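**Q** Can you keep this structure in mind? I'll have questions shortly.
The values are calculated or read from the model by the stated rules, or taken from the named source; none is laboratory data. Source: prediction; values computed, not measured. A quick note on method: Cβ atoms are made from the backbone with ideal geometry, for glycine too, and the neighbour counts reach across all protein chains shown. Ligands, DNA and RNA are stripped out before the accessible areas are found, and what is left, the full protein with its side chains, is counted by its heavy atoms. Shrake-Rupley method; radii C 1.70, N 1.55, O 1.52, S 1.80 Å.
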Amino acid sequence: MSDGQATTDVERRLYELMILMKAADDRLSKGIGTGEFMCVYWPSRGQEAIAAAMGVALRPDDQLVTTYRGLHDLIGKGVPLEEIYGEMMGRTVGASRGKGGTMHIAKPDKGVMLSTGIVGAGPPVAVGLAMAGKRKGLDRVTVVSFGDGATNTGSFHEAANMAALWDLPLVFVCQNNLFAEMTPTSDTMKLEHVAQRAAGYGMPGVRVDGNDPLAVKSALDDALSRARAGQGPTFIECVTFRFRGHYFGDRMPYIPKEQLAAAMAADPVPRFREHLGQAGICGPGELDRIDDEALARVEEALATVMGAPSPSSDELDHDVYARPIGFPV
Ligand SMILES: Cc1ncc(C[n+]2csc(CCOP(=O)(O)OP(=O)(O)O)c2C)c(N)n1
Ligand SMILES: [Mg+2]
């Protein structure tokens, strides 16, 4: 395959992932908004470029640790949509048979080792995973995805220090959507750029346009190569925006209208679609087909989930560390 063909395939794949992520997020929003189904979720809409780049840059055996805002990250790493929606809606087809919920989606055979609702809890776990990979002599890399706010927690700083000290094969991917819940990053951090924090631990810190999947992928490729070559961790700050608020239903009164309008005008998904058309990578017919396939894929997954039962009470004492004796049901 020529280099040109490989580049074209990568760009098409990035778009396929981005549009699937957008469709999955839009459908949740529509379904909850109309009362068609009920679940809690922390929307990722607007942050597609980062997750798509991770999906393309990471190898299947690379590991990922993410957060409650992980819908896009999970899709990128190949977790079937049925298992994501199923878990969010508490159905037996969910990745944890519907017993974990939106905040706790894991799929080890796809390398997704943890989703956590505890802000800042991912980095120390990722340090352990990366250390295990290194001790076993594997050349897999662990990537930990988290928000700007998480870099204000002590656990992030301890993890960054240990990862750098031990040259662990770890990539810190900070999805800087400029807010932590309702608080702008500038109210909680003296530094202008989150990536500046990396220097305090002796690892490279790079800042990229998190709405440009090619920029994110390029930074990831460098970081993954460094990690695989035994040169230690890298911190990547991907600057982006959160279109739907902290949780679904958050009306975002704290975000100035002009700021939101400007962010939405720079929506990474149509922006990349336009790029593919202008660069002659995909014709309009092909782009339409990719869009239609994403919508159909989401409907198919939703239908499977809606037709699946919730776990029965018999499941209560399954998949636990210790089986209680005479567990009351
Ligand atoms: C240890 C801890 N403290 C506080 C919270 C409440 N909380 C949930 S999300 C959040 C903001 C996190 O912001 P950021 O890390 O930027 O991620 P984002 O939600 O923007 O993706 C906070 C404070 C929590 N879940 N865990
Ligand atoms: Mg944030």
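**Q** How much accessible area per residue does the chain have, counting only protein heavy atoms and a probe of 1.4 Å, in square angstrom?
**A** With all protein chains present, the chain gives 45 Å² per residue.
**Q** Continuing with this model, one more query. Rg to Rh for the stretch 171-329: what is it, with Cα atoms only and Rh by Kirkwood? Write out the running numbers ahead of the final one.
**A** Values: Rg = 21.9 Å, Rh = 20.2 Å.
Over the Cα atoms of the stretch 171-329, Rg/Rh equals 1.09.
**Q** Now, a different point. Under the rule of at least 5 residues apart or a separate chain, name every residue whose amide H is placed under 5 Å from the amide H of VAL112.
**A** Here the answer is LEU64, LYS107, since their amide H atoms fall under 5 Å of that of VAL112.
**Q** Could you tell me whether the stretch 26-69 comes out rounded, prolate or oblate from its Cα gyration tensor? Rule is a ≥ b ≥ c as square roots of the eigenvalues, rounded for a/c under 1.5, then prolate if a/b exceeds b/c, otherwise oblate. Spell out each step's value before the answer.
**A** On the way: a/c = 3.10, a/b = 2.36, b/c = 1.31.
Prolate shape, in that a/c is at least 1.5 and a/b is the bigger ratio.
**Q** Excluding residues fewer than 8 places away in the same chain, name every one of the lysines whose C-alpha is closer than 27 Å to that of LYS190.
**A** Correct list for LYS190: LYS257.
**Q** Let me ask something else. Just to confirm the filter: which trypsin sites (Lys or Arg not before Pro) across the stretch 246-278 are DSSP coil and have at most 15 other Cβ within 10 angstrom of their Cβ? It would help to have the intermediate numbers written out before the result.
**A** Values: sites: ARG251, LYS257, ARG271, ARG273; in loops: ARG251.
Sites meeting the loop and neighbour criteria: ARG251.
**Q** Further, regarding this structure: What FRET efficiency, computed as 1/(1 + (r/R0)^6) with R0 = 25 Å and r the Cβ-Cβ distance, is obtained for ALA262 and THR34, rounded to the nearest 0.05? Numbers along the way, then the final one.
**A** Working: r = 29 Å, r/R0 = 1.15.
The pair ALA262/THR34 has a calculated efficiency of 0.30.
**Q** Using every pair of alpha-carbon atoms in the stretch 1-93, split the distances into 10 Å bins beginning at 0 and state the percent of pairs per bin, rounded to integers.
**A** 16, 45, 28, 9, 2
**Q** Quick one: which residues, 5+ away or cross-chain, put their amide H under 5 Å from the amide H of THR67? H built at 1.01 Å from N.
**A** Amide H neighbours of THR67: THR116.
**Q** Same structure, new question: Grab the alpha carbons of the chain, take their convex hull, and tell me the volume per residue in Å³. The partial results should precede the final answer.
**A** On the way: hull volume 50.5 nm³, N = 329.
Convex hull of Cα atoms, per residue: 154 Å³.
**Q** Sorted from largest to smallest, which semi-axis lengths in Å does the alpha carbon gyration tensor of the stretch 107-202 give for its equivalent ellipsoid, taking the root of 5 times each eigenvalue? Mind dumping the intermediate values first?
**A** Values: eigenvalues 121, 49, 18 Å².
Taking √(5λ) for each eigenvalue gives 25, 16, 10 Å, largest first.
**Q** Return the FRET efficiency for the residue pair HIS193, HIS104: r is the Cβ-Cβ distance, R0 is 25 Å, and the value is rounded to the nearest 0.05.
**A** Values: r = 31 Å, r/R0 = 1.26.
The pair HIS193/HIS104 has a calculated efficiency of 0.20.
**Q** Relative contact order for the chain: what is it in percent, counting Cα pairs under 8 Å that are at least 6 residues apart? Don't skip to the end; give the middle numbers.
**A** Numbers: 607 pairs, mean separation 70.9, N = 329.
In percent, rounded to a whole number, it is 22.
**Q** If the chain between ALA6 and ALA303 were fully stretched, how many nm would it gain, using 0.36 nm times the residue separation less the Cα-Cα distance? If you can, show how the numbers build up before the last one.
**A** On the way: separation 297, 0.36 × 297 = 106.92 nm, distance 3.47 nm.
Gain in length upon complete extension: 103.4 nm.
**Q** Using a 10 angstrom Cβ neighbour count of at most 13 plus a DSSP loop assignment to flag exposed GluC sites (Glu not before Pro), which longest range of the chain is free of such sites?
**A** On the way: sites that count: GLU36, GLU181, GLU192.
My reading of the result: 37-180 is the longest stretch.
**Q** Cut-off under 20 Å on the C-alpha distance; same-chain residues fewer than 8 positions from LYS134 excluded. Which lysines are left, in chain and number order?
**A** Of all the lysines, those that pass the test against LYS134 - Cα under 20 Å, at least 8 places apart if same chain - are LYS110.
**Q** Now, a different point. Would you work out what percent of the accessible area of the chain, with all protein chains in place, is carbon or sulfur (probe 1.4 Å)? Intermediate values should be presented prior to the final figure.
**A** On the way: 8110 of 14650 Å².
Roughly 55 percent of what the probe reaches on the chain is carbon or sulfur.
**Q** Just the Cα atoms of the stretch 247-329: what Rg and Dmax do they give in Å?
**A** Reported Rg and Dmax, both Å: 22.8, 66.
**Q** Oh, and also: Treating only the Cβ atoms of Lys and Arg (+1) and Asp and Glu (-1) as charged, compute the dipole magnitude of the chain about its Cα centre; round to the nearest 20 debye.
**A** Details: 33 positive and 42 negative charges, 143 e Å.
Approximately 680 debye in magnitude.
**Q** What value, in deg cm²/dmol to 500, does the helix sum -39500 (n - 2.57) over DSSP H runs of n ≥ 4 give at 222 nm once divided by the residues of the chain?
**A** Numbers: 10 runs with 141 residues, N = 329.
Rounded to the nearest 500, the figure is -14000 deg cm²/dmol.
**Q** For the charge dipole of the chain, defined by +1 on Lys and Arg C-beta atoms and -1 on Asp and Glu C-beta atoms about the Cα centroid, which residue among GLY200, GLY78, LEU260 has the Cα displaced farthest towards the positive pole?
**A** Towards the positive end, the residue furthest out is GLY200.
**Q** Now, a different point. Indicate the gyration tensor shape class of the stretch 53-107 (rounded, prolate or oblate), computed on the Cα atoms with a ≥ b ≥ c the square roots of the eigenvalues: a/c under 1.5 is rounded; otherwise a/b larger than b/c is prolate and the rest oblate.
**A** Values: a/c = 2.27, a/b = 1.97, b/c = 1.15.
Since a/c reaches 1.5 and a/b is larger than b/c, the shape of the stretch 53-107 is classed as prolate.
**Q** Which of the lysines could a cross-linker span from LYS107 if the Cα-Cα distance has to be under 17 Å and same-chain partners fewer than 8 positions apart are dropped?
**A** Cross-link targets: LYS77, LYS99.
**Q** Another question about this same structure. HIS157 to GLU274: extension gain in nm, 0.36 nm per residue of separation minus the Cα-Cα distance? Mind showing how you got there, number by number?
**A** Working: separation 117, 0.36 × 117 = 42.12 nm, distance 3.92 nm.
Result: 38.2 nm gained on full extension.
**Q** For the stretch 62-153, state which trypsin sites (Lys or Arg not before Pro) are in a DSSP loop and have at most 14 other beta carbons lying within 10 Å of their beta carbon. Before the final figure, lay out each step's value.
**A** Working: sites: ARG69, LYS77, ARG91, ARG97, LYS99, LYS110, LYS134, ARG135, LYS136, ARG140; in loops: ARG69, LYS77, ARG91, ARG97, LYS99, LYS136, ARG140.
Passing both the DSSP loop test and the Cβ count: LYS136.
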